[in-house]
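Notes follow the structure.
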Amino acid sequence: MKLKITSIALTGLLLLTSACASNVTTNTTSGANQSAPATDTTDTTATNAFPVKTRTADEVNQLLSNGNDRIFFDTNSAYIDSEAKEIVERIAPVLANTTNSRFIIEGHADERGTRAYNLALGKKRANALKRSLVSHNVNSQDITTITYGKDRPANPGHDAQAWSENRRAVVVAKNK
């Protein structure tokens, strides 16, 4: 009886092991098949909001519309928070694979503070976004930064909502 239970347990263990080994082999094989050749410029992964391919500046600007062209900052800050990092991760592949365009990052601030302070803060914000994009494989030579400080508000209001909309960095694509 003891031998029969041991035999059944051993058979079950072998079946379980072979099933696990089968899954490991399948996952390894499918993982190897997922890597694209170096010359392929199309990324079909579901996590990438924009498939990767060469685009014109107008196409890039269209893809970046609906809020993907800008990130927002806290008061007196040039820190890229987790929400902004998500946007950078979505747009970086688009920018990195657009060879016939250059990108201007505009830094902005709200109306509070002196003109000089807001120009400096806008520059810090634009440079922070540039560094983040470059860390995600966007060519730094394709990016220039400019600061507008408080001179070009997105929202001309004078309240907390307007100020939060004006503390931003915006990516604009231009043809080379």
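How high is the relative contact order of region 65-176? Use alpha-carbon pairs under 8 Å, at least six apart in sequence, and give a whole percent.
Value for region 65-176: 40 percent.
With only alpha-carbon atoms counted, please give the Rg and Dmax of region 67-176, in Å.
Cα only, region 67-176: 13.4, 41 Å (Rg, Dmax).
Please state the equivalent ellipsoid semi-axes for region 114-176: what are the square roots of 5 times the Cα gyration tensor eigenvalues, largest first, in whole Å?
Output for region 114-176: semi-axes of 24, 12, 11 Å.
Rounded to whole Å, give me the distance from the Cα center of region 143-176 to that of region 57-112.
11
None of the figures in this text is laboratory data; all of them are computed from the coordinates on show. All values derive from a computational prediction rather than experimental measurement.
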